[in-house]
Structures are given as structure tokens and as C-alpha cells.
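These notes are about the structure you will find just below.
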Amino acid sequence: MEEIIGRWREVNRANWDERVPIHLSGSFYDLPGFREKRDVLRDFETAEAGDVTGRSLVHLQCHFGQDTLSWAARGARVSGLDFSGPAVEAARVLAADLGIDARFVQADVYDAVEAFEGATFDIVYTGFGALLWLPDLPRWARVVADLLKPGGFLYLAEFHPFTNILDDATGGTVTHDYFDESAQIWDDPGSYADLSAETRNNVSVSWDHTLGSVVSAIAGAGLRIEFLHEHEDTLFPRYGNLQAGSNAVYRRPEGLPRIPMMYSIRAAKG
């Protein structure tokens, strides 16, 4: 176990590298649909980030760049970074096919400052399912701060850590320790995008971070929290009893108490 945790970056990269072609060809990411629409951002993200026209934006842990290129479609000058070589190559091909001027760099997120050769940006964006792959949030937040221009801001949209403590069937029973931020080792074949996909590199290492840890890391890096918003819906059927609503979101059935399932943070650099 310790040996696997010690190789977390190598293990996770192999896992993600293998899943890139699965994600490119499957219906989950709907690449043909994206080529037509060129925008997969959620309404609350674009409202909270505001007008990005002409602003430089870097997307950390960008996978193959759908969200990155969506910001470009809204007028931003975009760059993306991911540690997966196949993902970055796919992002470059997609950008070229769509005629979008975008820069994609392969590097570990902790090495982003060096990877972009000291360049700074108006906006640092990071999206859903990113932070659980990082063992050291304060270090990540310092990287974000170093990437930002004075007056720039971090915009983060993530799945709420509260959802991880509840049972998968109904989300009605506490089954996990919210404050346990230790490494977790998983051995899961397939992908969230295709559970039946045949895969070999099935081991991964992740960390569940509390909301307090995220906020404290961002504040500790010298960024000023402008808002923390919690959202009652989510992007996938996290629990077996969630119901699909409009705009491709899922909510708890009517009559059940609401819980936070996503959150968003905007934090500025002075």
C-alpha cells in the first residue's frame, strides 16, 4: 500500500493515459456534439466567472480540453495543462480541428509555473473532479497564486466533499469519515465514462479534502475569497435515487432534505 501511494503520480498517470481513448470515443463526453456546440460549461460557471472576453485563462488538470476550449468559445485566450500525454495531444488535435488558438502543455500541476515559463494569467480555472488527485492542497494553491496576475482570480468549481460521506444508494446515511483526508487506493476497471470498458491500469490513488481544507489552502496562498457558493444539484447520478432535471443536472427527489453536492469559489489576487 505504501509503495503504491509513493508512486501515486505514476500510477494515476497510467490510469488516465489508458482512459483517454475511451473518453474520446464514448457518449459521455459526446465529442461530435461538442464539435457542433463548442461549449460544455455550466450556466452557474459562466455567470460566476463573468465576461472572459480577451482575458488570458489557464485551465489546470484540463484532460483533453473540452472545458478549456469552451472558455475560448466565450472569448478567452486559453491555455491548458494536464499530466497525461495522450490527453494533451488529443486537446491539441481538437483545438486545431476547431480552428481555436489554444496552447496545451503536458506537465504535473505542481510544475505549472515552470511549464509556462513564468507566464501569468488573468484567470486560473479548475473544474470538476480535479482536486481529489492532489495530495498537497497548500502547494497547489501556491502554484495558482504564482500563475495569477495581480488583480486576476481563481475560479474553482468542484463536487462537494460532503457527498463522499453518504451511502451510494440514497445519500441518506453517513457511512464515511468526512475528516479522513488520507490517501485512498482504488482498483476499479472501466471508467466513469464507460463502466464496461476493458482496461488494465485500474489502480489509482486519491484524497478526499474537506471544504475547510480547500478554503484554507486558497486563503493561505494569499488569495482573497470573494465567494463560496454551494449548489444543491450535481452533474451525474451520484446516488441511486437522484432524479434528472433540466440542464443535465441531478437532484434529490422532491420532499427529501436538500444537501450540497457541488460548490464554487472565486478568489482574487491583490
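Quick notes on this structure:
- Positions within region 3-18 being more than 20 Å from Val88 (Cβ to Cβ) and either part of a loop (DSSP other than H, G, I, E, B) or free of Cβ contacts under 8 Å to residues at least 24 places away in the same chain (or both), in sequence order: Glu3, Gly6, Arg7
- Pairs meeting the criteria (first residue in region 19-43 and outside any helix (DSSP H, G or I), second residue among the acidic types (Asp, Glu), beta carbons under 8 Å, at least 6 apart or on different chains) are Gly26/Asp194; Phe28/Asp194; Val40/Asp67; Leu41/Asp67.
A quick yes/no check of all residues on (1) more than 18 Å from Arg74 (Cα to Cα); (2) of a type in the set (Asp, Glu); (3) buried (at least 16 other Cβ atoms within 10 Å of the Cβ); (4) touching a residue at least 60 places away in the same chain (Cβ under 8 Å):
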| residue | (1), (2), (3), (4) |
| --- | --- |
| Ala95 | no, no, yes, no |
| Asp101 | no, yes, no, no |
| Val105 | yes, no, yes, no |
| Phe128 | yes, no, yes, yes |
| Ala141 | yes, no, yes, yes |
| Val144 | yes, no, yes, yes |
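- Among the candidates Ala119, Ala130, Ala145, Ala95, residue that is under 25 Å from Asp51 (Cα atoms), small (Gly, Ala, Ser) and touching a Gly at 6+ places or on another chain (Cβ under 6 Å): Ala145
- When the residues of region 239-270 are filtered to those that are touching a Ser or Thr at 6+ places or on another chain (Cβ under 7 Å) and closer than 30 Å to Gly50 by Cα, the one that is surrounded by the fewest Cβ atoms within 10 Å (Cβ to Cβ) is Tyr250.
- So Glu10, is it surrounded by fewer than 19 Cβ atoms within 10 Å (Cβ to Cβ), at pLDDT 95 or above and touching a Phe, Trp or Tyr at 6+ places or on another chain (Cβ under 8 Å): no
- When region 80-114 is limited to residues that are within 11 Å of Leu69 (Cα to Cα), part of a loop (DSSP other than H, G, I, E, B) and not β-branched (Val, Ile, Thr), the one that is farthest from the chain's Cα centre (by Cα) turns out to be Gly99.
- Subset of region 232-270 [of a type in the set (A, V, I, L, M, F, W, C) and in contact with a helix residue (DSSP H, G or I) (Cβ under 6 Å, 6 or more places away or on another chain)]: Met261, Ala267
- All told, Ala197 meets the bar of being at pLDDT below 95, more than 25 Å from Thr46 (Cβ to Cβ) and surrounded by 14 or more Cβ atoms within 10 Å (Cβ to Cβ).
- Any chance Thr68 is buried (at least 24 other Cβ atoms within 10 Å of the Cβ) and either among the β-branched types (Val, Ile, Thr) or closer than 14 Å to Gly99 by Cα (or both): yes
- Restricted to region 170-191, and to residues there that are of a type in the set (S, T, N, Q) and not in a loop (DSSP other than H, G, I, E, B), the residue that is surrounded by the most Cβ atoms within 10 Å (Cβ to Cβ) is Ser191.
- Residues of region 150-169 classified as crowded, with 16+ Cβ neighbours inside 10 Å, in a strand (DSSP E or B) and either aromatic (Phe, Trp, Tyr) or over 16 Å from the mean Cα position of the chain (by Cα) (or both), total: 5
- As for region 214-229, it holds no residue that is among the hydroxyl-bearing types (Ser, Thr, Tyr) and touching a Phe, Trp or Tyr at 6+ places or on another chain (Cβ under 7 Å).
- Neighbours by Cβ (under 6 Å, 6+ apart or cross-chain): first from region 209-224, touching a residue at least 40 places away in the same chain (Cβ under 8 Å) and assigned to a strand (DSSP E or B); second surrounded by 20 or more Cβ atoms within 10 Å (Cβ to Cβ) and of a type in the set (Lys, Arg): Leu223/Lys269
- Identity of the residue in region 222-270, hydroxyl-bearing (Ser, Thr, Tyr) and more than 21 Å from Leu154 (Cβ to Cβ), that ends up modelled with the lowest pLDDT: Ser246
- Put simply, of Val40, Val78 the only residue that is crowded, with 19+ Cβ neighbours inside 10 Å and of a type in the set (A, V, I, L, M, F, W, C) is Val78.
The values are calculated or read from the model by the stated rules, or taken from the named source; none is laboratory data. Keep in mind it's a predicted model, so treat the numbers as computed, not measured. Heads up, the Cβs are rebuilt from the backbone with ideal geometry, glycines too, and the neighbour counts pull from every protein chain shown.
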